[in-house]
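The values are calculated or read from the model by the stated rules, or taken from the named source; none is laboratory data. Since the structure is predicted, the reported quantities are computational estimates derived from the model, not experimental observations. Quick reminder, even Gly has a Cβ in these numbers, built from the backbone with ideal geometry, and neighbours come from all protein chains shown. Surface areas here come from the heavy atoms of the whole protein model, side chains and all, with no ligands, DNA or RNA. Shrake-Rupley method; radii C 1.70, N 1.55, O 1.52, S 1.80 Å.
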Amino acid sequence: MTGQASTIVLGIETSCDETAASIVMRDAAGNGTIVSNVVRSQLDEHAAFGGVVPELAARAHVTYLDHIIAQACREAGIALDEVDAIAATAGPGLIGGVLVGLTTAKALAAALDKPLLAINHLEAHALTARLTNGVQFPYLMLLVSGGHSQFVLVRGVGDYERWGTTIDDALGEAFDKVAKLLSLGHPGGPAVEAIARTGHATRFKFPRPLLREERLDFSFSGLKTAVRLKAESLAPLSNQDVADIAASFQATVAEIVAFRASQALARFSAEYPGQKLNLVVAGGVAANLAIAAALQAICTKHGATLTVPPIALCTDNGAMVAWAGAERFALGVADSLDTVARPRWPLDLPDMKVVSHAT
Ligand code: KG4
Ligand code: ZN
């Protein structure tokens, strides 16, 4: 902190299965501090269904959000009327949950007479590395979560260019589906990673869809089908079979992600000659050590810096929403109480652009 005036932002996140609220401070020099960060995961609510049930998620957000916000304020030692702005995820995500968070934020903004910041969840992931590591623009972001797998060029706040995305399943979703067909439970990513440690990654050769094409897109559904067919052909599976399938699948996706990252870094170098190369990873799959190691190897080869924020800030949380709100607020942005919740909201739409209200 510089001692100059800081802004205090409350951030609310309810777009999937985490009910989260956080208080973040941003000083005049642009440094952020997480003062509190409360996340209630709904794993228990959805465990029996093998995935997130949108209706149940929305209901749980209604039940818990008020308490989570109160706890975030209590842990920060900051009263609600001391915050400078209220930020909430306004999309993309499961619309019932987004409505709960956004409506709560609107009610607070109206009652406290504070500005509202309606945050794009993807922007919140994209800007987190500036909160945690002070990464400077421009940089490349790889977002790999249960809902998204994309490369985004981050040029500035509100200024994004999507370079590639998945044409079918998200990477986290592929991990979850493979875990399900191997009866490893939900969420699948950590379970697949754990059992893969005892497996032989070279036992099965799985397809690497799209890799012959230049585009920076992903496709994981063919790979998932290949894993299913292999599992069916070997049934009944021994523990070693399960571990070998998990390890081979994980090695395949690590290779795919690293290959694409290498292409994306080459494109970044071509577009920004002489510019420092920064690759930032966000999303729950960033927790996967095999993928992180493959990305680190590629970054080392390209002379790039790999930034992976602490995993609690890579997965969904309120601090990233508060921080995105703080970055926008610092540029004079505020959103109307008429702002709508959006189930889909690509990052590179013109309405993400920051139009300063400060002048
Ligand atoms: O970002 P996140 O917490 O939630 C959203 O999807 O927004 O990501 C959750 C996803 C799940 O699909 C989960 O299986 C995956 O991240 N994941 C992992 C690991 N930990 C979480 N995937 C692979 N390896 C992991 N260690
Ligand atoms: Zn997310």
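Here are the numbers for the structure shown:
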item: Ile119 vs. criteria of a type in the set (A, V, I, L, M, F, W, C), in contact with a strand residue (DSSP E or B) (Cβ under 9 Å, 6 or more places away or on another chain) and surrounded by fewer than 20 Cβ atoms within 10 Å (Cβ to Cβ); result: no
item: Tally of residues being hydroxyl-bearing (Ser, Thr, Tyr), open to solvent by less than 10 Å² (accessible area, probe 1.4 Å) and more than 16 Å from ligand 1 (Cβ to nearest atom) across region 1-46; result: 1
item: Number of positions in region 212-249 that are surrounded by fewer than 21 Cβ atoms within 10 Å (Cβ to Cβ) and outside any helix (DSSP H, G or I); result: 11
item: Residue count, region 52-97 (criterion: among the acidic types (Asp, Glu), farther than 14 Å from Ala319 by Cβ and either at pLDDT 95 or above or touching a Lys or Arg at 6+ places or on another chain (Cβ under 6 Å) (or both)); result: 4
item: Residue among Arg197, Arg203 that is modelled with pLDDT of 95 or more, over 20 Å from Ala266 (Cβ atoms), within 16 Å of ligand 1 (Cβ to nearest atom) and of a type in the set (Lys, Arg); result: Arg197
item: Criterion: within 16 Å of ligand 1 (Cβ to nearest atom), assigned by TED's automatic domain parsing to the domain that holds Ala290 and under 16 Å from the mean Cα position of the chain (by Cα) - qualifying residue of Leu171, Leu153; result: Leu171
item: Subset of region 51-61 (residues that are under 22 Å from the mean Cα position of the chain (by Cα) and either open to solvent by 30 Å² or more (accessible area, probe 1.4 Å) or within 19 Å of Ala90 (Cα to Cα) (or both)); result: Val52, Val53, Pro54, Glu55, Leu56, Ala57, Ala58, Ala60, His61
